[in-house]
Amino acid sequence: MKAVVFHGVGDIRLEEAPDPQIGNPKDAVVLITASAICGTDLHLVRGTVPGMKPGTILGHEAVGIIEELGDDVRNFSVGDRVIIPSTISCGYCSYCRAGYTAQCDHANPNGPRAGTSFFGGPAETGPVQGLQAERARIPFANSTLVLAPEDLTDDEAILLSDIFPTGYFGARLAEIKPGNTVAVFGCGPVGQFAIASARLMDAGMIFAVDTIASRLEMARAQGASVIDYNQEDPIETILQLTGGIGVDRAIDAVGVDASQPHDGPAAPQFKQMEKQFQEELRQIAPQSRPDGDNWHPGDAPSIASTWAVEALAKGGTLSVIGVYPATDRFFPIGKAMNKNLTVKMGNCNHRKYIPKLIDLILTGAIDPTEVLTQHESFNAVLDAYKAFDKREPGWIKVMLEPAAMIE
Ligand SMILES: NC(=O)c1ccc[n+]([C@@H]2O[C@H](COP(=O)([O-])OP(=O)(O)OC[C@H]3O[C@@H](n4cnc5c(N)ncnc54)[C@H](O)[C@@H]3O)[C@@H](O)[C@H]2O)c1
Ligand SMILES: [Zn+2]
Ligand SMILES: [Zn+2]
């Protein structure tokens, strides 16, 4: 079968890979009808989330049709259409039963204390072969997979695999109550769903910070007040628009590949911090391999979390859903501590939220497909990676159709 295979930082290839097989009675094999590229994949290829094993198939977002089932998978039939959540969960350990499905005791082959296991991730997450492929093996299929109702389109379903649940999880972690002011840093696909979810939770004013015009425009279309960090100082602007108080809740939907402002009033102060950011980057991502305009690590790893802390009101809540690797030690703990902030973070417990979000889509409470701007053929996946990595205008979320290639 064809799959996107990681060979090294800055080196991914669309090539032949072995067909997946049932290896355990709880496994399923799924034909992938829809997959997608995520900001998390960019961290892996840029090297800012290190530890990828060469030969790992990338991708952790997919929808597909069950082709084969192990004997212990009794809640699905061959031919069922399913959403594959990014994170894998057994359904019966104490973590899964409490809803912490991203911290399942059994999913990660490296043992119960090894943390989240997701498809197509670094060695420490499994590794489990990913979903940018024609087929995939799904461990713990009976509890991980979610049946896709007939009325749910593939376009809607693919967004439920990771990014809508993650945005929703981010808004829940932020403890948003009706009327709260909220700042969302990062208006990529995850940030867009954080904004949508804050609205579902009846947030008051929502501020959206980024620098890419098409992404800010999409945030504005959702009713957010937008701030371009290359035109304004985002913290001063948020303070000005909140009567000097700051926001009740902040969501970091940027993660480790954050960029510093190079223009506008905020740029000069960061010019002085360039050395510090370079040192952070050196420690977080010892290996990077930029190629022309592609695969450049962000030049200010700690800036988004620092801005989120600074934008908050005293006693506010910070939610971190942007991904940071284990090598990252650069969180502004002193600033957060001295404002009595609550800080919550982590990998999304996808399996917990997907059923509820299916209902929100089917009842018409939300149309997630506004965020899906690109449908690309699987043959063109490497070009799609490059365009998404460069954040070309209008490229917000990319869907792929691997099974459509099979003759
Ligand atoms: N916690 C989870 O379970 C989970 C799940 C999925 C994705 N993620 C993470 O969420 C993050 C966002 O994912 P995405 O797919 O939207 O990625 P993306 O790369 O498309 O979006 C990131 C956005 O942040 C913006 N940005 C960069 N520096 C900034 C700054 N200083 N201030 C404000 N904005 C800035 C970029 O312009 C870009 O629009 C990534 O870190 C990804 O790994 C986490
Ligand atoms: Zn993802
Ligand atoms: Zn479990």
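Any read-out appearing in this document is the output of simple, stated calculations on the displayed coordinates, not a laboratory observation. Keep in mind that this is a model prediction, so the values were computed, not measured. Here the Cβ positions follow ideal geometry from the backbone for every residue, glycine too, while neighbour counts run over all protein chains shown.
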>> Between GLU67 and THR327, what's the calculated FRET efficiency when r is the beta-carbon distance and R0 is 41 Å? Round to 0.05.
In response: 0.60
> What list of ³J(HN,Hα) couplings, whole Hz, do you get for the stretch 22-27 from phi and the Karplus terms 6.51, -1.76, 1.60, once you set θ to phi - 60° and write x for glycine and proline?
Replying inline: 5, x, 8, x, 8, 7
> Using every alpha carbon pair in the stretch 314-407, what percent of pairs falls into each 5 Å bin from 0 up to the bin containing the largest distance?
Replying inline: 2, 9, 11, 11, 15, 17, 15, 10, 5, 2, 1, 0, 0
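How far, in nm, would the chain grow between GLN21 and MET405 when pulled straight, counting 0.36 nm per residue and subtracting the alpha carbon separation?
Details: separation 384, 0.36 × 384 = 138.24 nm, distance 1.99 nm.
The GLN21-MET405 span can extend by a further 136.3 nm.
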> In terms of Cα to Cα distance under 21 Å, which lysines are near enough to LYS314, apart from those fewer than 8 places away along the same chain?
Replying inline: LYS177, LYS335, LYS339, LYS344
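Once the other residues with Cβ under 13 Å from the Cβ of PRO265 are scored (Lys, Arg +1; Asp, Glu -1), what is the net sum?
-4
Once you have the Cα-Cα distance between ASN110 and GLU392, take 0.36 nm times their residue separation minus that, and quote the gain in nm to one decimal.
Working it through step by step, the gained length comes to 97.8 nm.
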> If you take the beta carbon distance between GLN283 and ILE245 as r and set R0 to 30 Å, what does 1/(1 + (r/R0)^6) give as a FRET efficiency, to the nearest 0.05?
Replying inline: 0.30
> In percent, what relative contact order does the stretch 274-407 have, based on Cα pairs under 8 Å that are 6 or more apart in sequence?
Replying inline: 19 percent
> Under a point spin-label approximation (7 Å from Cα along Cα-to-Cβ), what is the ASP11-GLU150 distance to one decimal in nm?
Replying inline: 5.0 nm
>> Percent of Cα-Cα pairs more than 19 Å apart in the stretch 59-148, please.
In response: 36 percent
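If neighbour count is taken as other Cβ atoms inside 10 Å, put PHE193, PHE330, PHE388 in order from fewest to most.
Ascending number of Cβ neighbours within 10 Å: PHE330, PHE388, PHE193.
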> So what is the 222 nm mean residue ellipticity for the chain from helices alone, if each DSSP H run of at least 4 adds -39500 (n - 2.57) and you divide by all residues, rounding to the nearest 500 deg cm²/dmol?
Replying inline: -8000 deg cm²/dmol
> What's the local net charge at LEU360, with K and R +1, D and E -1, over the other residues with C-beta under 15 Å away?
Replying inline: -2
> Once the Cβ-Cβ distance between LYS314 and ALA267 is put in as r, and R0 is 41 Å, what FRET efficiency do you end up with, to the nearest 0.05?
Replying inline: 0.90
> Using a basic spin-label model with each label point 7 Å from the Cα along Cα→Cβ, how many nm lie between LYS356 and GLN276?
Replying inline: 3.8 nm
> Could you give the length gained on full extension between ASN340 and ALA213, defined as 0.36 nm per residue of separation minus the Cα-Cα distance, in nm?
Replying inline: 42.3 nm
>> Let's test this: bin the Cα-Cα distances of the chain at 20 Å from zero up to the farthest pair and state each bin's percent.
In response: 29, 60, 11, 0
> By the scheme Lys and Arg +1, Asp and Glu -1, what is the net charge of all other residues having a beta-carbon under 15 Å from that of ASN338?
Replying inline: +2
